[in-house]
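S.K.: Once you've had a glance at the structure underneath, I'll fire off some questions.
The values are calculated or read from the model by the stated rules, or taken from the named source; none is laboratory data. Predicted model only: the values in this text are computed from it and were never measured. When we count neighbours, we look across all protein chains shown, and the Cβ atoms used for this are built from the backbone with ideal geometry, even at glycine. All accessible areas refer to the heavy atoms of the entire protein, side chains included, with ligands and DNA or RNA removed. Shrake-Rupley method; radii C 1.70, N 1.55, O 1.52, S 1.80 Å.
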Amino acid sequence: MMDVEAMDRIRLMQGDITKLDVDAIVNAANKSLLGGGGVDGAIHRAAGTGLLEECKSLGGCFTGEAKLTRGHQLKAKYVIHTVGPVYSGKPQDAKLLADCYLNSLTLAVNHGIQSIAFPAISCGVYGYPIDKASTIAITTVFDFLKTSRSIQEVIFILFSALDFNTYQNVLKKISGNQAAI
Ligand code: ADP
């Protein structure tokens, strides 16, 4: 019963994360936290130079960890910057990717954030295969929501239709397994 409820707090969307009106958006950043390409570049462009100024004070971030800033010119109140692993094919990739989601959610809870949106961390330049990464993303978030009631909504926002379809299939599979228990 409670697990079904946790699944109801997960939503999939296709589009641009910088446009979302949520408490926090998650940035797939690099270790410098000083901006980059992909979703990182898009977030810095939309948030304005105030975000870069704030990021300069953070001293970077290790892979799998997460740090929080204000949202500046974004609709989102906060940006949670996390650094995904560069895909290597080794077992530690999965642990580091799961840590990104866990540490972001923990920061969110500690700041009273109720709605949060994730991009497909590591699935661009960092080369993580989307089918593997989406399974880790969804199961990690789902398990977290089962134990924490303070987050009301977790959105996975995918840029491409193909990525969206992959997430949709994985979500169906995981919620199907859940219903069967
Ligand atoms: P990484 O370096 O962690 O792989 P990227 O930014 O290269 O990060 O890619 C992560 C994912 O973010 C990719 O699936 C990419 O398609 C997606 N992406 C890029 N721009 C946006 C955006 N504005 N909103 C949502 N997702 C985006």
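S.K.: Please work out which one of (1) closer than 17 Å to Ile25 by Cβ; (2) away from the ligand (no atom under 16 Å from the Cβ); (3) touching a helix residue (DSSP H, G or I) at 6+ places or on another chain (Cβ under 8 Å) is the condition Ser148 fails and give its number.
M.R.: That leaves (1) as the condition not met.
S.K.: On to the next question. Out of curiosity, is Ala76 open to solvent by less than 50 Å² (accessible area, probe 1.4 Å) and either of a type in the set (Phe, Trp, Tyr) or more than 11 Å from the ligand (Cβ to nearest atom) (or both)?
M.R.: When the stated conditions are applied, Ala76 passes them.
S.K.: Follow-up question, since we're still on this one. Tell me which residues, restricted to the range 142-162, are in a helix (DSSP H, G or I) and either in contact with a Phe, Trp or Tyr (Cβ under 6 Å, 6 or more places away or on another chain) or open to solvent by 40 Å² or more (accessible area, probe 1.4 Å) (or both).
M.R.: Hits for the range 142-162 are Asp143, Lys146, Thr147, Ala161, Leu162.
S.K.: Quick check on the range 14-30: of everything there that is closer than 20 Å to Ala108 by Cα and surrounded by fewer than 16 Cβ atoms within 10 Å (Cβ to Cβ), which residue is farthest from the ligand (Cβ to nearest atom)?
M.R.: Asp21
S.K.: For the range 117-140, name all the residues that are touching a residue at least 40 places away in the same chain (Cβ under 8 Å), within 9 Å of the ligand (Cβ to nearest atom) and either open to solvent by 20 Å² or more (accessible area, probe 1.4 Å) or not aromatic (Phe, Trp, Tyr) (or both).
M.R.: Within the range 117-140, Ala117, Pro119, Ala120, Ile121, Ser122, Cys123, Gly124, Val125, Tyr126, Gly127 qualify.
S.K.: Just to be sure I understand, how many residues within the range 31-44 are part of a helix (DSSP H, G or I) and within 9 Å of the ligand (Cβ to nearest atom)?
M.R.: So the count comes out to 6.
S.K.: Can you confirm whether the range 52-63 contains a residue that is within 12 Å of the ligand (Cβ to nearest atom) and either in contact (Cβ under 8 Å) with a residue 24 or more places away in the chain or surrounded by fewer than 23 Cβ atoms within 10 Å (Cβ to Cβ) (or both)?
M.R.: yes
A quick yes/no check of all residues on (1) over 19 Å from Ile17 (Cβ atoms); (2) touching a residue at least 24 places away in the same chain (Cβ under 8 Å); (3) surrounded by 14 or more Cβ atoms within 10 Å (Cβ to Cβ):
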| position | (1), (2), (3) |
| --- | --- |
| Val39 | no, yes, yes |
| Gly48 | no, yes, no |
| His72 | no, yes, yes |
| Tyr87 | yes, yes, yes |
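S.K.: Among the residues in the range 46-64, are any in a helix (DSSP H, G or I), out of contact with any strand residue (DSSP E or B) (no Cβ under 7 Å at 6 or more places or on another chain), at pLDDT below 95 and of a type in the set (A, V, I, L, M, F, W, C)?
M.R.: No, the conditions are met nowhere in the range 46-64.
S.K.: May I ask you to verify whether Gly127 is modelled with pLDDT under 95 and farther than 21 Å from Lys19 by Cα?
M.R.: Considered against the rule, which asks whether it is modelled with pLDDT under 95 and farther than 21 Å from Lys19 by Cα, Gly127 comes out as no.
S.K.: Given (1) open to solvent by 60 Å² or more (accessible area, probe 1.4 Å); (2) in contact (Cβ under 8 Å) with a residue 40 or more places away in the chain; (3) away from the ligand (no atom under 15 Å from the Cβ); (4) over 15 Å from Glu153 (Cα atoms), where does Leu68 come up short, assuming only one miss?
M.R.: Of (1) open to solvent by 60 Å² or more (accessible area, probe 1.4 Å); (2) in contact (Cβ under 8 Å) with a residue 40 or more places away in the chain; (3) away from the ligand (no atom under 15 Å from the Cβ); (4) over 15 Å from Glu153 (Cα atoms), only one is false for Leu68: (1).
S.K.: Sort out which residues of the range 94-116 are surrounded by fewer than 24 Cβ atoms within 10 Å (Cβ to Cβ) and outside any helix (DSSP H, G or I), and write them in order of number.
M.R.: His111, Gly112, Ile113, Gln114, Ser115
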